[in-house]
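The values are calculated or read from the model by the stated rules, or taken from the named source; none is laboratory data. What you see is a predicted model, and the numbers here were worked out from it, not measured in a lab. So basically every Cβ, Gly included, is an ideal-geometry build from the backbone, and we count neighbours across all protein chains shown.
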Amino acid sequence: MRTPRTRERVVITGLGIVCPLDHDVEAFWRSLLSGRSGINRTTIFDSSTFPTTFDAEVKDYNLRARLRRPELHEGSSRGSGFAVGAAVQACRQAGIDVETEEPADGIDRTRMGIYLGAGEGALDHDTFFACILAGWDPQQQTMAWAKSTPLAFARMKASYELEQEPNMAAAHVAMLTGARGPSRSCLTACAASTQAVGEAMMLIRRGEADVMIAGGAHSMIHPLGVTGFSRLTALSRRNDSPTTASRPFCASRDGFVLGEGAATLILESLTSARKRGVPILAEVAGYGSSSDAFRVTDMHDEGRGPVQAMRAALADAGLTYRDIDYINTHGTSTQENDSIETLAIKTVFQERARQVPASSIKSMLGHLIGAAGAAELVTCVLAIRDNTVPATINLHDPDPKLDLDYVPNTPRRMPVNIVMKESFGFGGQNNVVIVKRYEGTP
Amino acid sequence: MSAARVVVTGLGAVSPLGLSAEETWAGLCAGRCGIRRITAFDPTGFPCELGGEVPAYRIQDRVPRTFRKAVKLMCRDIELAVMAAGEALAASGLITKGIDPEKVNVDPTRMAINVGAGIICCELSELAPATAISTTDGQFDLRKWGKDGLDLVTPLWLLKYLPNMLACHIGIIHDIQGPSNTITCGEASAQLAIGEAAQVIARGDADVAVAGAAEAKVNQLVMMRQHLLRRAVSTRDGAPETLCRPFDADACGSIFGEGAGMVVLESLDHARARNARILAEVAGVGYSHSMCPGYERLEPGGRSIQIAVQKAIDDAEIKAADLDLVIPHGTAVPEDDRAEAQGLEAALGPAAGQVPVWPTKSMLSTTGAASGALDVVAAVRAMVDGVIPAARNFDKPAEGCRLNVVTERREGPVRHALCCSYTFGGQTAALVLKALEEDEAK
């Protein structure tokens with residue numbers, strides 16, 4: 001493989017978000033700083049008898065109103081629709097033309113790519129359950145497939161089935177932007193979109209693309225998604241108080257709150273951003289990835305994988321733990337994650353561990369699963385821009401064993417130049433991205 | 001910054017032609033076809049009752065003794081991936097914890113994994129008892145599911161079907177602690193994963209990587225999807241082994257199957273230092289995206305194939321005429337084959353009529369994410385053995401196809417081989433493999 005002579009610096013020139021707090025970056029940021037919760041009763045399906053009856057939903061979202069050619073994205077899954085909305089915002093900010101055959105933004109489309117950490121779309125549940133019932137023989141405890149096949153063929157819709165594929169969010173973003181460069185989707189569970197941003201940066205560094213639309217999109221708010229997480233006992237069951245249910249690092253935390261949404265960041269080589277004369281929002285400085293190689297069900301008890309990923313990202317950025325001003329944590333509000341993440345931060349940050357603010361916006365946003373890391377990276381860029389870190393809300397009952405500075409309940413104005421974002425996925429994939437203030441001529 | 005050269009030192013495959021790379025390659029050389037009537041479920045009622053199923057195996061016999069309990073958490077996609085990865089690592093001569101914990105000869109923190117995976121459909125029968133008790137008047141009742149049915153779902157159900165669990169199980173068995181990713185881009189997943197893993201090594205983030213993909217498409221709902229998308233053969237006329245006909249005038253669609261292909265990638269320095277047998281070099285990668293408003297087909301004209309193939313050839317610093325073998329995606333869906341042929345012809349230029357083209361899906365079936373990995377395994381074997389087997393079911397070229405599809409077995413050096421793949425949704429990848437010169441391999 002060809003060796004690039006110089007390593008391209010990678011900057012961020014656009015942000016977009018569609019999430020439970022809002023469908024616009026500035027409104028999202030204002031909501032975060034006001035400590036508002038995006039969590040409420042489930043409305044997407046009737047969850048009234050489920051162990052958990054609340055979640056963090058994207059509400060009142062109208063994709064059609066944002067597009068000139070909505071017909072290309074009709075029938076997309078919830079996640080793909082969010083991805084298109086987030087990409088439209090990010091492209092607009094970065095001066096990238098969308099929905100046109102003849103872009104005039106000076107970007108060669110074969111050098112503009114897409115990398116999303118994106119989840120699968122929801123099953124056609126009615127058909128799915130009806131097919132099971134048609135074929136199931138309760139006496140024999142077997143499925144007679146031939147009985148469910150005609151029903152499935154009659155009811156399944158080709159386009160709906162296709163839209164469930166996890167690569168379709170990126171497909172819609174490609175159609176929106178005309179991006180023909182490297183195109184990829186990954187799905188490393190809750191770490192997916194942090195990984196997507198990290199790997200997208202690597203593609204630009206290697207010189208394979210000038211611009212990457214990177215981020216994530218996911219919605220698992222559907223009966224089988226909630227069933228799966230409920231059975232894993234991963235979800236909070238604080239049904240009497242949804243807005244206080246997500247309480248990362250709190251002694252009484254009892255699980256995460258399932259959310260949905262999409263976020264995108266326009267990554268661009270510094271050369272390209274300068275040539276186009278677009279404002280630079282921040283620089284992506286480093287990326288590290290690791291695996292626990294421990295258990296399918298649990299994190300490594302000493303946080304071995306997270307520690308390795310954090311150290312790899314620091315080394316990649318040419319920084320040490322002394323340089324980090326703020327940690328945007330994975331902070332899911334599960335007993336296990338918050339304890340082990342705290343331990344891992346202590347291992348890496350040593351004597352500084354208690355001095356570096358480390359907050360979790362999942363306290364307000366819920367857990368966007370595949371899209372979580374990208375939404376949190378958008379937050380990191382805004383934290384640098386405004387020298388303000390968002391709070392961990394609902395932290396009124398600190399866990400005595402967890403003694404870092406989690407920025408409880410009130411956002412904090414402070415100098416923020418270099419931020420670490422960490423994301424850990426079920427099964428032990430750990431991804432860390434470091435974002436820093438862009439210093440240099442625009 | 002100088003990037004490391006990346007070589008292939010191990011192969012693993014599980015396919016309808018056998019349970020190892022050796023058996024798969026022998027089958028391909030003999031022109032055998034692995035397509036039969038489906039046995040995994042009763043295919044009565046399907047327009048085509050054929051599939052490419054992997055021969056019978058017992059997964060307990062194919063994992064380390066200490067891991068036998070964990071097979072309960074493996075869906076079929078995971079099993080296939082674990083088998084192929086185990087074979088590839090054993091063949092490479094590396095000794096991981098999963099091969100012999102007493103004799104480990106590789107640093108687990110310097111090993112990466114990158115696996116392509118499909119959207120995994122759960123076994124319907126697994127959810128059937130829970131569905132059966134959640135009915136009112138014979139119809140599925142979501143409230144009853146939430147109250148009673150949900151509790152009958154096995155607690156770890158979700159973990160069996162997350163796409164990242166392929167990489168996760170392999171990583172746990174073999175103690176792979178470095179970067180881990182899961183690419184979910186349909187049938188382009190494998191080559192995207194192998195390309196990315198090669199770059200992880202090239203940029204210095206790992207010395208060794210396990211890369212490839214697995215997918216088990218012989219599932220009722222997955223097969224149905226392919227029929228609804230009009231990709232599957234829908235005739236019953238003709239012998240099963242003659243129906244899948246890539247680039248042939250009588251092509252009438254694809255036949256879907258299951259499999260896994262894995263390679264061990266290694267930096268050239270690492271491979272040399274341990275005197276490993278070097279099978280080939282990953283010399284070039286190229287990526288693009290196909291713009292097709294319907295999303296389910298390759299765009300007419302195959303421009304994304306043209307772009308990706310040209311980029312891969314440029315990256316390898318060779319000319320199209322230097323290629324001795326092309327393994328195309330060739331699904332036997334007539335529109336897709338036509339577009340791919342046009343894209344390849346445009347990329348290869350005057351060499352298009354000369355370079356031998358060898359499609360494999362007539363024998364292996366379309367194994368989803370795995371298909372691109374099985375092709376890479378086959379290409380490496382062709383290089384090692386200096387053999388290009390004859391294409392099967394290619395009697396008369398499809399109209400307008402000017403590719404030089406090989407109709408007779410050829411023997412002679414294969415110095416450069418190109419593999420390419422695309423998927424519904426549009427992601428497109430190409431890889432150039434290069435044989436090392438005798439003196440380089442030492």
Checklist entry - Filtering the range B:123-134 down to residues that are facing another protein chain (nearest Cβ under 7 Å) and surrounded by fewer than 19 Cβ atoms within 10 Å (Cβ to Cβ), which residue is modelled with the lowest pLDDT? => result B:Ser125
Checklist entry - Is it the case that the range B:106-114 has a residue that's in a helix (DSSP H, G or I) and outside the structural domain of B:Leu374 (by TED's automatic domain parsing)? => result no
Next on the checklist: Being within 20 Å of B:Arg410 (Cβ to Cβ) and crowded, with 24+ Cβ neighbours inside 10 Å is the filter here; which residues of the range B:342-361 pass it?
Outcome noted: B:Leu344, B:Leu348, B:Val357, B:Trp358, B:Pro359, B:Thr360, B:Lys361
Checklist entry - Looking at A:Asp240, is it more than 14 Å from every other protein chain (Cβ to nearest Cβ), surrounded by fewer than 17 Cβ atoms within 10 Å (Cβ to Cβ), at pLDDT 95 or above and not in a helix (DSSP H, G or I)? => result yes
Item to check | Selection within the range A:273-305 - crowded, with 24+ Cβ neighbours inside 10 Å, out of contact with any Ser or Thr (no Cβ under 8 Å at 6 or more places or on another chain) and within 13 Å of chain B (Cβ to nearest Cβ) | outcome: A:Tyr287, A:Gly288, A:Asp292, A:Ala293, A:Met299
Item to check | Residue that is over 21 Å from A:Met1 (Cβ atoms), at pLDDT 95 or above, in contact with a Lys or Arg (Cβ under 7 Å, 6 or more places away or on another chain) and of a type in the set (Gly, Ala, Ser), where the choices are B:Gly330, B:Gly349 | outcome: B:Gly330
Item to check | Conditions (1) at pLDDT below 95; (2) assigned by TED's automatic domain parsing to the domain that holds B:Glu281; number of the one not met by B:Met1 | outcome: (2)
Checklist entry - Do we have A:Met201 as within 14 Å of another protein chain (Cβ to nearest Cβ), more than 30 Å from B:Trp157 (Cβ to Cβ) and at pLDDT 95 or above here? => result yes
Item to check | the range B:136-153, subset more than 7 Å from chain A (Cβ to nearest Cβ) and surrounded by fewer than 16 Cβ atoms within 10 Å (Cβ to Cβ), residue nearest to B:Ser125 (Cα to Cα) | outcome: B:Asp151
Item to check | Residue list for the range A:213-225, filter: more than 8 Å from every other protein chain (Cβ to nearest Cβ) and touching a Phe, Trp or Tyr at 6+ places or on another chain (Cβ under 6 Å) | outcome: A:Ala214, A:Ala217
Next on the checklist: Restricting to the range B:56-77, name every residue that is among the aliphatic types (A, V, I, L, M) and assigned to a helix (DSSP H, G or I).
Outcome noted: B:Ile59, B:Ala70, B:Val71, B:Leu73
Checklist entry - Does B:Leu80 count as part of a loop (DSSP other than H, G, I, E, B) and either assigned by TED's automatic domain parsing to the domain that holds B:Ala213 or in contact with a Leu (Cβ under 6 Å, 6 or more places away or on another chain) (or both)? => result no
Checklist entry - Taking the range A:97-118 as the region of interest, how many residues are small (Gly, Ala, Ser) and facing chain B (nearest Cβ under 9 Å)? => result 2
Checklist entry - Scanning for something buried (at least 24 other Cβ atoms within 10 Å of the Cβ) and closer than 22 Å to B:Arg381 by Cβ, does the range B:287-307 turn up at least one residue? => result no
Checklist entry - Which members of the range A:60-94 meet the condition of being of a type in the set (Gly, Ala, Ser) and buried (at least 18 other Cβ atoms within 10 Å of the Cβ)? => result A:Ser76, A:Ser77, A:Gly79, A:Ser80, A:Gly81, A:Ala83, A:Gly85, A:Ala86, A:Ala87, A:Ala90, A:Ala94
Checklist entry - Does any residue in the range A:18-33 that is assigned by TED's automatic domain parsing to the domain that holds A:Pro390 come within less than 9 Å, Cβ to Cβ, of a residue that is among the acidic types (Asp, Glu) and part of a helix (DSSP H, G or I) six or more places away or on a different chain, and which pairs are these? => result A:Trp29/A:Asp386; A:Leu33/A:Asp386
Next on the checklist: Can you go through A:Ala262, A:Ala273 and tell me which one is in contact with a helix residue (DSSP H, G or I) (Cβ under 9 Å, 6 or more places away or on another chain) and closer than 18 Å to A:Thr188 by Cα?
Outcome noted: A:Ala262
Checklist entry - Looking at A:Ala86, is it more than 11 Å from chain B (Cβ to nearest Cβ) and assigned to a loop (DSSP other than H, G, I, E, B)? => result no
Checklist outcome for this item: Residues of the range B:154-189 being of a type in the set (Val, Ile, Thr), in contact (Cβ under 8 Å) with a residue 40 or more places away in the chain and surrounded by fewer than 24 Cβ atoms within 10 Å (Cβ to Cβ), in sequence order, are B:Ile172, B:Ile173
